[in-house]
Amino acid sequence: MRSFRKLLLLYIAAPFWTEINGSLIELNETTYAALPPLYALDEWNQCQGPEDVYCMVDAVLVSRSPSPLLQLLKDYSTQILKHYNRTVVHRGVCVSQCGSVNSDGDWRDAAQLCVNQSVLQYGLEAEVISAEWCSSTNSERPTSAARFLAVICIALLVLAVLATCLHILGECCTAVEGNKYLLAFSIKRNWAILKYDRLKPRTDDRMKDLTSMEGIRFIGIQCVIFSHVLLVYVYSYIDNPQFVEKMYDHFVWKMVLNSPLWLQAFFSLSGFLTAYSVLICSERSPLTFGKCLLSIVNRWIRLTPIAVFALWFTISWFPLLGSGPQWSWLVRREAHDCAERWWYHVLYVHNHLPLGKMCMGHTWYLAADMQLHILGMVTLLLIMRCRKIISWVLGFLVLASALAAGVVTYIFELTPIITAQSPEILRNLFGGSKILPLLYLPSWMNLAGYIGGIATAFIFYYNQAHGIKLADNKPFNILFHASLTLGGCVVMMGVVFLADIPPPQWLSALYAALDRTLVAICFNIFMLGCFSRCKSLFRDLLEWRGFHLLGRLSYCAYVIHFIILRLTLASNTQLGHASVLSMVSLLITASVLTYIVSIPLCLMVELPMIQLWKAIMGVETSVRTSPIVPPPQETAPTPQKFDLVAHIMRPNVV
């Protein structure tokens, strides 16, 4: 009761320790320390007996008599934009040490006793509202799905060994001929594809101008991983949730919260590569409806093997790889949700599912990219037949997307900042959010970047065909060097919408209509300048040879990095601690581990499936794997055809 009396005295002396402006309440660190902790975990190692059960418990704080402390928590929680709901506490509880399971298999009564004991010192009581994701020492056993995945992995390994041996023998002994379907699994061949130099294109020499693309991919993936590092700290159990709450008051963190606008960079790359490949292919044969369908199938083939492998791993093996207080909350929960939703992922429509479930949520981008690819191919089929309407069609699509964003923001009274969600909504995996499903996830809300990429491809292709060198154009060079800064200014302007008193709704609608369009324009100017080889130290950095391999691994890294993040945090038996240093440390750890795991995954799953598809379609892949023994008849090489199916590039991921 001493802590409660101390807190009562602090509440009476509120002007000395709080800042109260109308309904706004800010607490100092001393007061935070005297509040009931939002998160707490029982000792995991002391709950490992054969009969012990550990559950994740949510409980509402109540009081049978007037409580200044509870009123303070309620007032503090009314600032829903930047505060957690402090009237609900979250605990990891060894419920078997407090009571026994109910007749219906529910541990809620036992959890009630445990949590009540922990809040009595504050003069409060707790009413348990859920006791879920319980685990015991024998709760996880291999399933048939896990065994079947093990068989698949062994089969892939055997195929890789056989194909690699056959490949080596084929180079050493001309009498040995390899089967093109088996050779698709050759590690030697796929390694040569993985590390090939983009400055020496395998097909069209014009592709060497796109070398900086790999550096953009790598840096973009690092930004994505950091944003997800921040997200996992928001919804995992930490000992200083006020660190997250205070992010909403700092200018730099507000800019970070608005940084998803740069997602348009990846959509722009995807649209550019699709359109540029079509333009080169159309030099030999026109784009037809059949080729459009084949391109869509090709994109599905390139996306799906890695995505399904990661999905299958999440459902079957991931829950078996560790344990800890948050393992059920962060890992088993996702496996359960993925088992229900996996087929939506295979069809790439999961960006329209109800939120609040945890199943590789970051892969919504793949669904949006697939949907935009379908729309992009239809659009290209139209404008390639009548190029006079290019500007009208592309302009209409961008304008329609911008108007849709503005109208939706105004009608539903949304904040235009994509991540302007309360910490409580983020903690519940965006459950109850309106901004995400209405303004962020739909593919048509991201048309600005994709259509901008298509337009940039036409401009770049026209400049190459007519010998126009933008690198020698002084006004464009000035615009190129200022483009990223201008895009950053657009992001910075969104900070005003995270203020305690936001601007009027009409201004929110206007910003929502223009923000992604302006950022997309800025990035496409930068991308056009990079591909046009404008002089820039940053462009030279993006073309660094080391980025070629890392950029090629970007898709694998994107798909699996969240698995690495959860594996790192969920195995921790103590509460996490949020800080800039801990976030940077987790970013470095997750990035290194992600790329290490991505190499064998790319060599044995992603590239073999792509090469197998090419073999089925009769597309040859020209990769010189031995610098000593030249391929036969190299004295009279014939130029390879630029095939649309082979060169609708793999996805550019966030």
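The values are calculated or read from the model by the stated rules, or taken from the named source; none is laboratory data. Just so you know, these numbers come straight off a predicted model, no measurement behind them. For neighbour counting, all protein chains shown are included, and Cβ atoms are generated from backbone atoms with ideal geometry for every residue, glycine included. Remember, those area values only see protein heavy atoms, side chains included, never the ligands or the DNA or RNA. Shrake-Rupley method; radii C 1.70, N 1.55, O 1.52, S 1.80 Å.
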Sorting W191, W133, W329, W342 by accessible area (1.4 Å probe), largest first, what list results? W342, W191, W133, W329
Sort the following peptides by mean Cβ neighbour count (other Cβ atoms within 10 Å, averaged over residues), highest first: 151-159, 65-73. 65-73, 151-159
Taking R0 as 30 Å, what's the FRET efficiency between A400 and T288 from their Cβ-Cβ distance, rounded to 0.05? 0.70
Helix 607-617 axis, angle to the chain major axis (alpha carbon atoms, nearest 10°): 40
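Given R₀ = 56 Å, FRET efficiency for N116-M255 by Cβ-Cβ distance, to 0.05?
0.85
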In the stretch 466-480, whose amide N lies under 18 Å from the spot 7 Å out along Cα-to-Cβ of S391? List them in ranges. none
Nitroxide proxy distance, nm - points 7 Å out along Cα→Cβ at V496 and A465: 4.3
Length gain on complete extension for the stretch D109 to Y181, per 0.36 nm per residue less the alpha carbon to alpha carbon distance? 19.9 nm
At 0.36 nm per residue, and after removing the present C-alpha to C-alpha distance, how many nm does the segment from V346 to D540 gain when stretched out fully? 66.0 nm
Work out the FRET efficiency for I168 and M617 from their Cβ-Cβ distance, taking R0 = 41 Å, and round it to the nearest 0.05. 0.95
Angle check, please: helix 447-465 long axis (alpha carbons) against the longest principal axis of the chain (alpha carbons), in degrees 0 to 90, nearest 10. 20
With every protein chain left in place, what is the accessible area per residue of the chain in square angstrom, probe 1.4 Å? 44
How large a share of the accessible area of the chain, in percent, is made up of carbon and sulfur atoms when the probe is 1.4 Å and the other protein chains stay in place? 66
Relative to the longest principal Cα axis of the chain, at what angle does helix 390-411 sit, 0 to 90 degrees, rounded to 10? 0
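If you stretched the chain out fully between L157 and K434, how much longer would it get, using 0.36 nm times the residue separation minus the C-alpha to C-alpha distance?
Numbers: separation 277, 0.36 × 277 = 99.72 nm, distance 4.50 nm.
Taking L157 through K434 to full extension adds about 95.2 nm, to one decimal.
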Suppose only helical runs count, i.e. DSSP H with n ≥ 4. What mean residue ellipticity at 222 nm does that imply for the chain under -39500 (n - 2.57) per run, divided by all residues and rounded to the nearest 500 deg cm²/dmol? -18000 deg cm²/dmol
